[in-house]
Amino acid sequence: MQLFRIGNQHNYFWRDYKGTVPDDAFEVEGLLVAQIPCNGLLPATLYPKSNKAVSTCFGWRRSTKTDIKVLCDSYHENFSWEYVNVNNLTTEKLSDYVVGGTEVGNTLYIGKVFHEGEWKIGKVFPASSIWKGLRVWYNKGLVAAIEDFQILKYSPHLVNQYDVRNA
């Protein structure tokens, strides 16, 4: 029996957050991977207990309780975190990572790092960008540029399977 996967599709999607964590939301260390608008759509950390999402925008910490989306997929095992240095993020490798939004013409990816005593999920600019690296906020408001971090990878399992004996 031979099984074939049809296409290189992903199953994840962004769902509007209305104050309740969806069953299929992707959770990380008690936090949710979120997306907020500001000069584009930005990857963010959602703190479910306070219903607040935090990211960086225009060089500052940005937080909001409105217009939040959360990353969802029924198959959380499709996601994994990979340790990287931004200088090693080649164009070929980027196709394996989850796109988290856009800002100033750049495609953004989703990264996380343990920073100032907590996990923070933020936006990753590719090595080709002048803003390269993971951008997270200092608790006092400014932005930190991190070169070594974890990036969210998506490796889908077989979704559409066909037994060629029955075709």
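The values are calculated or read from the model by the stated rules, or taken from the named source; none is laboratory data. Since we're looking at a predicted model, the values are computed, not measured. When we count neighbours, we look across all protein chains shown, and the Cβ atoms used for this are built from the backbone with ideal geometry, even at glycine.
Summary of computed values
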| quantity | calculated |
| --- | --- |
| Filter result for the condition that a residue is over 17 Å from Trp137 (Cβ atoms), in contact with a Ser or Thr (Cβ under 7 Å, 6 or more places away or on another chain) and surrounded by fewer than 17 Cβ atoms within 10 Å (Cβ to Cβ), over Asp24, Asp67 | Asp24 |
| Count of segment 143-164 residues which are β-branched (Val, Ile, Thr), modelled with pLDDT of 80 or more and out of contact with any Asp or Glu (no Cβ under 8 Å at 6 or more places or on another chain) | 2 |
| Unmet requirement for Lys112, which otherwise passes all of (1) in contact with a strand residue (DSSP E or B) (Cβ under 9 Å, 6 or more places away or on another chain); (2) among the charged types (D, E, K, R); (3) more than 14 Å from Glu147 (Cα to Cα) | (3) |
| Residues satisfying the stated conditions in segment 98-134, i.e. among the aliphatic types (A, V, I, L, M) and in contact with a helix residue (DSSP H, G or I) (Cβ under 8 Å, 6 or more places away or on another chain) | Val124, Ala127, Leu134 |
| Criterion (without any contact (Cβ under 8 Å) to a residue 12 or more places away in the chain, surrounded by 14 or more Cβ atoms within 10 Å (Cβ to Cβ) and hydrophobic (A, V, I, L, M, F, W, C)) met by exactly one of Val99, Val86 | Val99 |
| One residue from Lys112, Lys120 being of a type outside the set (A, V, I, L, M, F, W, C), touching a Ser or Thr at 6+ places or on another chain (Cβ under 7 Å) and touching a residue at least 40 places away in the same chain (Cβ under 8 Å) | Lys120 |
| Count - residues of segment 72-83 that are farther than 20 Å from Ala145 by Cβ and exposed (fewer than 12 other Cβ atoms within 10 Å of the Cβ) | 2 |
| Residue within segment 103-112 that is crowded, with 17+ Cβ neighbours inside 10 Å, closer than 11 Å to Pro43 by Cβ and over 12 Å from the mean Cα position of the chain (by Cα) present | yes |
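Residues checked against (1) of a type in the set (Lys, Arg); (2) modelled with pLDDT under 90:
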{"site": "Tyr83", "(1), (2)": "no, no"}
{"site": "Asp96", "(1), (2)": "no, yes"}
{"site": "Thr102", "(1), (2)": "no, no"}
{"site": "Thr107", "(1), (2)": "no, no"}
{"site": "Lys120", "(1), (2)": "yes, no"}
{"site": "Trp131", "(1), (2)": "no, no"}
